[in-house]
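Take a look at the structure below.
None of the figures in this text is laboratory data; all of them are computed from the coordinates on show. Just so it is clear, the model here is predicted, and its values are computed rather than measured. Cβ coordinates were reconstructed from backbone atoms using ideal geometry, including for glycine residues, and neighbour counts include every protein chain displayed.
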Number of protein chains: 2
Amino acid sequence: MTDHLRIFDTTLRDGEQSPGISLDVAEKLEVAEQLARLGVDIIEAGFPIASIGDFEAVEAVAAGVRGPVITALSRTGFEDIDRAWEAVRHAERPRIHVFIATSPIHMKKKLRMTEDQVRAEVVAGVGRARSYCEDVEFSPEDGSRSDVDFMCDVLQAAVDQGATTLNIPDTVGYGVPEEFGALIAHILEAVRGDFVVSTHCHNDLGLAVANSLAGVRAGARQVECAINGLGERAGNAALEEIVMAVRTRPDYFGDVETSVRTEELARTSRVVSRLTGYPVQYNKAVVGRNAFAHEAGIHQHGVLEDRETYEIIEASTVGQEAAQIVLGKHSGRHAFADTLEKMGLRLQGDALNQAFVRFKELADRKVQLTEADLEAIVAEELGTAAVHRYAIASLDVHGGTQATPSATVVLTDGDTKVEGHGEGNGMIDAAIAAISEATGVHGSVVDFKVSSVTGGGDALGDVVIQLAVDSHKASGRGLATDVVEASARAYLNAVNKLVRLRDARPRERTVGP
Amino acid sequence: MTDHLRIFDTTLRDGEQSPGISLDVAEKLEVAEQLARLGVDIIEAGFPIASIGDFEAVEAVAAGVRGPVITALSRTGFEDIDRAWEAVRHAERPRIHVFIATSPIHMKKKLRMTEDQVRAEVVAGVGRARSYCEDVEFSPEDGSRSDVDFMCDVLQAAVDQGATTLNIPDTVGYGVPEEFGALIAHILEAVRGDFVVSTHCHNDLGLAVANSLAGVRAGARQVECAINGLGERAGNAALEEIVMAVRTRPDYFGDVETSVRTEELARTSRVVSRLTGYPVQYNKAVVGRNAFAHEAGIHQHGVLEDRETYEIIEASTVGQEAAQIVLGKHSGRHAFADTLEKMGLRLQGDALNQAFVRFKELADRKVQLTEADLEAIVAEELGTAAVHRYAIASLDVHGGTQATPSATVVLTDGDTKVEGHGEGNGMIDAAIAAISEATGVHGSVVDFKVSSVTGGGDALGDVVIQLAVDSHKASGRGLATDVVEASARAYLNAVNKLVRLRDARPRERTVGP
């Protein structure tokens, strides 16, 4: 047992299971690269058996991202495990994460298995995983509602088959710190062998971080968590809170340390928020825009005298500083590529060209672009993936309180041009109707989100639209100084994605711990 | 000591101190009335000495809201206490909440007082408060970083002077549950007398809820908390999480019970989010839109078999149900007023008339309106308060990728009409420029937020704009099926407010525990 606390990030697996989030391979890679820069120990990249998209994303992360251990989730069945291994085998350091439920309600209602059957599954599954890979993690799903003796029995079987990490999920967020800490302590005492104990806590009662930290105090040396606390329902423990709690209270957590570069926390939070389309609450701890709000111009006598009167973390420690202006309309292609490089954002070939074109279009209308603006431009490019079928040649919209809002759009479709006209309840509606007419794709907008990239009046509008056509869903992102134009771009990007995805196998929504 | 856990809501005091939140009297009353419906025990309505606006709001809540105890915050100085009493004296059950810092860093850097001076302040301040009112609460600010013996000494002095509640703040969110619980237990042992111990925990490390609950386990019988976890920096403990944790785990919290009507939690969260302009994270526990996301169409094998496989709270328990359609374009004035009444929303006279006009305008464009839409209409009316100087007679906007976005607006100003024309980077910009020209008020937009009232493509756009002119700030809200029109309305509402507020005394930002 060491005092290094392993940070296991499951943003790409449990986080990506959240409704409305659907990252494509390029987006997952972008998140994984940022997680590697952040310095997490393990990245759970997906659940390969769940869909071809999941498989491809895990494979791409395993092949492309260096630094962290890359792991894939798997049920105990051999087909699952084989598929997980196939996806992660090219990682520098692969791990297979096997799970099966051990609580009475899950065994009875979901698995329809007896305790003996579940134990046999664990023996077979962990054994199979271990035959591929030295690094195997096992999770008894719904651990906090399981019979403790049976769960320890199963955990012992997993260790005996070669599992090196035992992860204890509070799948439904039912735990309270005192109890959950005691459970971890009990497991460390009852199970024999050489393994690391891990926590995986859900936030249904707002206690995910506290439960995880109680686990750490009791001896857990891996915490499963996600950026911005993403995850099923109310989400997982927030990575940024876990890391900063351990760092801020060394007097309480002793020699426990993480390898996270905390100054990357704010950017990681922004990247994940932008790509998932999930906003971060202003008053979110550590990464919310108010977490250090005195810095933003609210004068407080105490803080002016001494920062520590009201603050226990310095804003720069977590990378929360004022937006820095980095480029303007006179910046060239070289400066653009250079700045992205310095920010750790890698775009190549067509994607770089397209991003540069968008940068120039935006810089023409907005005098200065900040780091956050550039991140958004890159996100827009990622979202559209490699293939744009349609692009906007021109858009004209008219509206107000007197006339019915209307829009006319001209799109390029390869070498030809198509035109569409539409009306609606509002100008965004009208622009969408025009694009539907031009492309012949008639979807319904199931989610629509507008945010500003930075604060203030001249902020870029950043729109994320989720579009559904039959059983297919895709999301698109658009960026512009005008909110209707940004919406039209987002909608068209979603259409482009959908056209590409339509033929892929539909994704089965299988849930992990 | 009883096992009734008092819920002390500080949304209107600590929550309202958050940057960018500035509720006027009508908005504070609306929140307070919803809190009374929710069944909280105590409403902290504000900090009367801080500004005339704060004073008026506390006075209005004290005079108008029945059910909960109404309290006002106060420093130990007599002027503060007198002013607090003046504001709350007409409450059914008034309370004065006196605080002073007891931590070395606060005493030295902020107060510049010795321990003896602080103790003397407490004796004098609590005594004064008690001379007005039988219900007096005392808080040693930054309690968790105070010397325990000194703090207990001060607490004893407060009890000896007649304080009936001792509230222990973790002002900087530095506490961890085990420690904070032990602190509460120690206070209950060390201080003699008849009093209730209370917690007030901030969320800087994501532990506010866990720390509060550890306090409850140790014997605290009041929890200070806020809707959606609002408050300074990363906020306070979230009321909804505290209440649901206690309710969901009776096996752990024993006979502790709150009087909160949990089925009002979701609506209270919406009302507060809408009036403050602070979004609620999708994955927020209890009140986030994903907290029960299986209900929203994501099919999961387990949940279909048995809800409890993945859920520990039923969505209806906290009022999270699908948006109900309540009114359409054919609904008349009577049905409108009736529905608001049933929803517990009270609008009278001009405000009701204006809301009805807005309802008809919106219903003309959108076939059906849900409860959430109506809440938003009422919020728009509240936001503009009683006096509209300007109203939109007509708006015409034009934009797209080819032409410079432009707008023309005609406003009524009493009996006359004023016209303005503007151009901008986007159509919203252009509409704002047109309104600036028409009104002659040239402010800068410091915050801009667009959200949809309900999901889906035909949702109403709900825009909140915060406007600054010189040292004055005001926020306005606008609702329309078109986002540019909604923005124009929001901007104009902010202008209307600013015109009214310009002459009021500027607000001093004084911070409480």
For segment A:19-46 versus segment B:1-44, the gap between their alpha-carbon centres in whole angstrom: 39 Å
Exposure proxy check on B:Asp415, B:Asp41: fewest-to-most Cβ neighbours within 10 Å is B:Asp415, B:Asp41
Where the label is 7 Å out from Cα toward Cβ, how close does A:Glu92 come to the same position in every other copy, in nm, shortest first? 6.5
State which entries of A:Lys109/B:Lys284; B:Lys28/B:Lys449; A:Lys342/B:Lys284; A:Lys284/B:Lys108; B:Lys28/B:Lys329 exceed 32 angstrom in Cα-Cα distance in the structure shown. A:Lys342/B:Lys284
Full-extension gain in nm, A:Asn353 to A:Lys417, via 0.36 nm per residue minus C-alpha separation: 20.9 nm
Treat the count of other C-beta atoms within 10 Å as a stand-in for reagent exposure and order A:Ile52, B:Ile81 from fewest to most. A:Ile52, B:Ile81
Label position 7 Å from Cα toward Cβ: report the copy-to-copy distances for A:Arg389 in nm, one decimal, ordered from shortest. 5.4
Round to the nearest 10 and give me the degree value, 0 to 90, for the angle of helix B:177-190's Cα axis relative to the longest principal axis of chain B. 50 degrees
Among A:Ala391, A:Ala208, A:Ile377, which residue has its Cα positioned farthest towards the positive end of the charge dipole of chain A, with +1 placed on the Cβ of Lys and Arg, -1 on the Cβ of Asp and Glu, and the dipole taken about the Cα centre? A:Ala391
With label points set 7 Å from each Cα along the Cα-to-Cβ direction at A:Arg346 and A:Glu79, the distance between them in nm comes to 3.5 nm
Count the DSSP beta bridges whose two residues both fall in chain A, then state the antiparallel fraction as a percent rounded to the nearest 5. 50 percent
Classify segment A:134-179 from the C-alpha gyration tensor, please: rounded if a/c falls under 1.5, else prolate or oblate depending on whether a/b exceeds b/c. prolate
For a test of the definition: using alpha carbon positions, the gyration tensor, and the 1.5 limit on a/c, classify segment A:27-82 as rounded, prolate or oblate. prolate
FRET efficiency for B:Arg37 and B:His4, Cβ-Cβ distance as r, R0 = 22 Å, nearest 0.05? 0.70
Treat each spin label as a single point 7 Å out from the Cα along the C-beta direction, and report the B:Ser394 to B:Asp470 distance in nm. 3.5 nm
Of all DSSP beta bridges having both residues in the protein assembly as shown, the percent classed as antiparallel (nearest 5) is 55 percent
How large is the charge dipole for segment B:89-191, taken about the Cα centre, if only the Cβ atoms of Lys, Arg (+1) and Asp, Glu (-1) carry charge, to the nearest 20 debye? 560 debye
Computed from the beta carbon distance with a Förster radius of 45 Å, FRET efficiency for B:His442 and A:Asp255 to the nearest 0.05 stands at 0.20
With a ≥ b ≥ c the root eigenvalues of the C-alpha gyration tensor of the protein assembly as shown, is it rounded (a/c under 1.5), prolate (a/b larger than b/c) or oblate? oblate
Net charge of Cβ neighbours under 11 Å - reference B:Gly20; Lys, Arg +1; Asp, Glu -1: +1
Order by neighbour count: B:Arg13, A:Arg128, B:Arg261, B:Arg192, fewest other Cβ atoms within 10 Å first, most last. B:Arg192, B:Arg261, A:Arg128, B:Arg13
Taking the Cα centre of chain A as origin, work out the dipole magnitude from +1 charges on Lys and Arg Cβ and -1 charges on Asp and Glu Cβ, in debye rounded to 20. 820 debye
What are the label-to-label distances in nm, one decimal and shortest first, from B:Gly193 to the same spot in the other copies, with labels 7 Å along Cα to Cβ? 5.8
Cut-off of 10 Å, at most 16 other beta carbons, DSSP loop: longest stretch of chain A lacking such GluC sites (Glu not before Pro): A:322-507
Net length gained if the chain between A:Ala120 and A:Asp147 were fully extended (0.36 nm per residue, minus Cα distance): 8.0 nm
Could you give the size of the charge dipole of segment B:395-479 about its Cα centre, using +1 on the Cβ of each K and R and -1 on the Cβ of each D and E, expressed in debye and rounded to the nearest 20? 240 debye
Relative to the longest principal axis of chain B, what angle (0 to 90°, nearest 10) does the C-alpha long axis of helix B:371-384 take? 90 degrees
Length added when fully stretched, A:Ala190-A:Gln402, from 0.36 nm per residue minus Cα-Cα: 68.9 nm
